[in-house]
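Undergrad: I'd like to ask some things about the structure below.
Quick note: the coordinates plus some simple rules give every number you see, no bench work behind them. As the structure is a prediction and not an experimental result, all values here were calculated from the model. Cβ coordinates were reconstructed from backbone atoms using ideal geometry, including for glycine residues, and neighbour counts include every protein chain displayed.
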């Protein structure tokens with residue numbers, strides 16, 4: 001094991017995650033409580049996530065805009081449910097100036113520079129955006145508004161984990177305004193579909209699509225749709241949410257429009273978001289005890305070429321070959337690193353690129369040059385093969401595509417294998433305490449029942465699946481005609 | 001004049017600017033003091049700026065990363081000059097929780113949730129980043145670090161103007177670490193070059209490259225390089241800065257590296273940034289009394305097609321033609337809008353797209369279809385021509401290129417015409433009070449002289465040009481061997 005080795009998943013999954021995030025150079029904790037530093041390699045993956053989502057948002061007619069970081073405190077109280085759910089754990093700005101300490105010890109907050117009304121660092125932007133939409137919307141001609149924002153948000157957290165739960169995180173938040181309820185519901189569902197498509201096709205993570213229960217709904221939403229993914233330790237992770245907000249925010253901020261007949265109506269709203277939390281999902285779905293495994297579509301480096309040589313002449317010959325191959329691959333939009341660093345041994349490099357999840361590794365030595373071959377290693381299944389240099393570019397292109405598919409199919413198999421059915425609380429606990437995973441069960445639709453099951457199992461209802469299913473007996477109360485829902489212990 | 005008309009530049013330049021920003025749908029003030037809302041059309045322009053700069057940063061070997069929004073108050077005091085220049089007008093977070101008011105009137109700041117150390121919303125990130133680099137750098141092998149961050153920053157402002165001076169703004173900040181002074185100076189100059197190239201080639205704005213005087217230097221820098229642009233009202237605007245930070249931050253945060261011989265040295269640093277202020281420069285350089293003028297490379301819509309018709313049959317025929325043309329243009333990566341909105345008259349549309357600065361407008365009516373022509377209007381010079389439909393795509397492609405060049409050349413002519421030389425304070429004031437612009441003059445290099453000239457003329461030294469020039473008599477003191485520098489009144 002290299003000096004960069006990490007603990008095994010089977011020994012301590014949580015520690016494995018932390019060590020992987022650090023050693024693959026993805027992120028680290030800052031000295032500011034709960035705020036992370038996203039390192040260049042981690043940020044390069046986030047950029048790929050962001051760029052692809054941005055394309056998909058634009059293809060579905062959305063535009064980006066930017067709204068203020070700060071929200072006046074009083075705005076948060078305007079939507080009653082929203083304030084209950086969100087207003088509490090926030091960073092509060094109370095002053096706007098520092099001054100030199102009189103004793104020369106540094107700077108202090110200037111007591112004369114107190115804000116009349118405190119400002120909250122946005123935990124989410126519904127309130128400031130709907131306060132703005134009020135000015136943008138007069139008539140049905142101004143609708144729909146299909147706007148997205150890429151931004152940082154802050155929700156004060158006491159216990160933080162890199163990517164999964166941090167006080168500051170990066171995300172996108174879509175905020176749309178519509179003339180009719182139907183159109184808003186359609187938008188909510190459309191964006192859930194965009195998220196599911198992105199997460200499955202680009203992140204290679206299969207997801208369940210469903211509705212949240214009332215308990216788990218976004219504060220201020222009429223309905224919260226979500227996609228739920230399953231991590232390797234059997235815990236669920238909410239990967240994205242799309243909210244149908246009804247007329248709640250329009251009413252709170254008095255946003256109306258005149259319809260074709262000139263009649264005034266309140267506007268219908270949606271909001272939807274995914275965050276840097278997706279990075280956590282990506283890591284915990286695919287990676288192994290050697291480090292990160294990345295689906296090729298999100299890999300900053302898709303192919304690494306490592307020369308195996310003794311003499312400088314050998315290196316020169318290998319470099320000629322490698323640089324030519326690199327050029328060919330780049331023409332196919334494959335990102336390649338040729339690592340000819342003379343200070344590091346091949347074995348060190350192999351471990352390093354395994355840790356960083358580079359999907360394909362090519363090793364080339366003098367014998368390979370003689371034989372017109374290379375050694376080709378797949379990161380996902382750790383297989384190694386000697387392959388011909390003939391048509392190598394197209395071999396690699398096909399293989400990247402294959403790896404993308406294989407990762408999705410492996411994760412799908414895992415999800416299926418780890419989806420169980422329980423008809424009693426005991427059964428559910430038995431499953432959750434052994435392999436975990438998604439547990440389907442019937443639930444009578446009552447919040448108190450949900451709460452009680454949570455107390456008994458530490459599992460929450462992850463979603464009410466969108467697919468129709470038969471009715472049955474509630475796992476807790478035995479009520480007939482209960483709905484099938486999906487439980488899991490979750491991040 | 002349409003209902004969307006704006007005041008003339010000659011009447012009130014400042015009002016013209018504000019009206020244009022609002023009526024071209026670029027940005028607006030929010031209810032949060034000093035914070036702006038960047039509207040979708042304005043943000044689309046900013047995205048083009050951002051995307052191109054990002055490409056250029058990556059081409060020069062830089063990677064993106066992300067550092068915390070918050071900086072512990074004590075960090076700001078660590079670099080003595082930095083705290084003097086920056087620490088004062090900042091948003092200060094003192095609490096991390098709200099709670100319900102007992103009287104049910106809303107939420108209040110929870111007095112029990114006071115932070116032990118206040119957090120400052122970053123006004124710039126040198127301190128938090130150098131505190132991080134301390135952990136990243138041990139040996140010369142860890143250098144250079146070439147990192148950039150796209151982020152929001154906050155500097156509390158009492159008098160704000162959209163894009164030009166806002167309390168919150170968007171920017172990028174590059175922060176690099178080097179083993180030698182030479183390498184850091186080279187990096188500083190290289191990034192100034194990148195900025196100049198971007199602003200000239202993409203924004204079509206000619207700039208002066210130079211050094212700031214000690215007075216105008218970034219707080220904590222050994223040398224600040226800048227690019228300076230000239231607005232249509234004769235005032236200068238600093239469009240970008242690149243700082244050679246010496247070892248100041250490395251010493252303040254104790255960042256050292258072991259060189260090849262194992263000897264410890266402090267690291268050398270640079271930082272460089274441009275912001276949404278560039279949007280202000282873009283507007284004030286090119287636009288006219290009819291609204292925005294955009295260089296084609298930054299225009300979200302490069303070509304708009306407006307149908308001129310009476311009957312629905314006519315519209316149908318025109319639409320067939322327009323959609324075909326749109327398709328052809330999109331294959332050439334030209335962004336096109338076909339505006340067949342039946343609720344608006346062509347005249348209204350013409351005024352609207354002129355306000356929004358769409359570089360080329362095509363109007364097509366039934367007669368055009370008969371004659372195999374279209375009416376083609378250029379936004380920049382307001383010229384109109386009837387042109388053949390044959391090879392129209394390539395005509396438009398060439399014309400967009402021509403407009404890009406013409407805008408730069410027009411702005412360059414303006415800059416040359418408005419660059420004067422003054423040998424006395426009276427002369428300088430006469431120039432500044434009539435046409436304004438850049439005024440070259442000799443200066444003895446003394447900060448007090450600089451300050452005195454500023455008091456007498458309201459002009460500051462914009463830069464000490466990088467190009468060599470003859471020495472002469474100081475405009476204030478008459479000292480011989482004074483350097484030629486560039487003065488202007490500035491934004």
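Undergrad: If a/c stays under 1.5 just call it rounded; otherwise compare a/b with b/c (prolate if a/b is bigger, oblate if not). Do that for the stretch A:301-398, with a ≥ b ≥ c from the square roots of the Cα gyration tensor eigenvalues.
TA: Numbers: a/c = 1.40, a/b = 1.10, b/c = 1.27.
Rounded is the answer for the stretch A:301-398, as its axis ratio a/c remains below 1.5.
Undergrad: Helix A:447-457 against the longest principal axis of chain A: what's the angle in degrees, Cα atoms only, rounded to the nearest 10?
TA: 40
Undergrad: When each copy gets a label point 7 Å from Cα toward the beta-carbon at residue B:448, what are the spacings between them in nm, shortest first?
TA: Copy-to-copy label distances for residue B:448: 8.5 nm.
Undergrad: Using a label position 7 Å from Cα in the Cα→Cβ direction, what is the ascending list of nm distances from residue B:104 to the same site in the other copies?
TA: 5.7
Undergrad: Compute the separation of the alpha-carbon centres of the stretch A:118-151 and the stretch A:367-402 and state it in Å as a whole number.
TA: 51
Undergrad: Sequence gap at least 6, Cα distance under 8 Å: using those rules, report the relative contact order of chain A to the nearest whole percent. Please list the in-between numbers first.
TA: Details: 966 pairs, mean separation 66.4, N = 491.
Here the relative contact order equals 14 percent.
Undergrad: Then there's this: Quick one: Cα centre-to-centre distance for the stretch A:302-333 and the stretch A:72-101, in angstrom?
TA: Comparing the Cα centres of the stretch A:302-333 and the stretch A:72-101, I get a distance of 55 Å.
Undergrad: Can you give the FRET efficiency to the nearest 0.05 for residue A:466 and residue B:467, using r as the Cβ-Cβ distance and R₀ = 60 Å? Please list the in-between numbers first.
TA: Working: r = 67 Å, r/R0 = 1.11.
In this case the efficiency is close to 0.35.
Undergrad: Using alpha carbons only, how many angstrom separate the centre of the stretch B:218-270 from the centre of the stretch B:438-487?
TA: Using only Cα atoms to place each centre, the spacing works out to 23 Å.
Undergrad: Which order do the peptides A:227-238, A:385-396 come out in when sorted by mean C-beta neighbours inside 10 angstrom, highest first? Please report the intermediate quantities before stating the final value.
TA: On the way: A:227-238: 22.5, A:385-396: 14.5.
Most protected by this proxy first, the peptides run A:227-238, A:385-396.
Undergrad: For residue A:451, project a label point 7 Å along Cα to C-beta. Then give me every residue of the stretch A:216-245 with its amide nitrogen under 16 Å of that point.
TA: Flagged as within label range: A:216-217.
Undergrad: Assign one of three labels to the protein assembly as shown, namely rounded, prolate or oblate, based on the Cα gyration tensor with a ≥ b ≥ c the square roots of its eigenvalues; rounded applies when a/c is under 1.5, prolate when it is not and a/b is larger than b/c, and oblate otherwise. Write down the numbers at each step before the final one.
TA: Numbers: a/c = 1.39, a/b = 1.22, b/c = 1.14.
Rounded.
Undergrad: Right, something else. Label position 7 Å from Cα toward Cβ: report the copy-to-copy distances for residue A:80 in nm, one decimal, ordered from shortest.
TA: 6.0
Undergrad: Could you work out the mean count of beta carbons from other protein chains within 10 Å of each residue's beta carbon in A:35-43?
TA: Values: counts 8, 3, 9, 6, 7, 9, 2, 2, 8.
Neighbouring Cβ atoms belonging to other protein chains average 6 per residue here.
Undergrad: Additional query: By how many degrees, 0 to 90 and rounded to 10, does the Cα axis of helix A:346-355 deviate from the longest principal axis of chain A?
TA: 20
Undergrad: In addition: Run the helix sum for chain B: -39,500 (n - 2.57) per DSSP H stretch of 4+ residues, divided by residue count, reported at 222 nm to the nearest 500 deg cm²/dmol.
TA: Working: 14 runs with 171 residues, N = 491.
About -11000 deg cm²/dmol.
Undergrad: Still on this model: Other chains near B:123-133: what is the mean number of their Cβ atoms within 10 Å of each residue's Cβ? Write down the numbers at each step before the final one.
TA: Working: counts 0, 0, 0, 0, 0, 5, 1, 0, 3, 5, 0.
Mean partner-chain Cβ count within 10 Å for B:123-133: 1.
Undergrad: Classify the stretch B:13-286: rounded, prolate or oblate, from the alpha-carbon gyration tensor (a ≥ b ≥ c, eigenvalue square roots; a/c under 1.5 rounded; otherwise prolate if a/b is larger than b/c)?
TA: Values: a/c = 2.02, a/b = 1.10, b/c = 1.84.
Cα axes put the stretch B:13-286 in the oblate bin.
Undergrad: If you don't mind, another one. Taking the Cα atoms only, what angle lies between the long axis of helix A:392-417 and the longest principal axis of chain A, rounded to 10 degrees?
TA: It is inclined by approximately 50 degrees.
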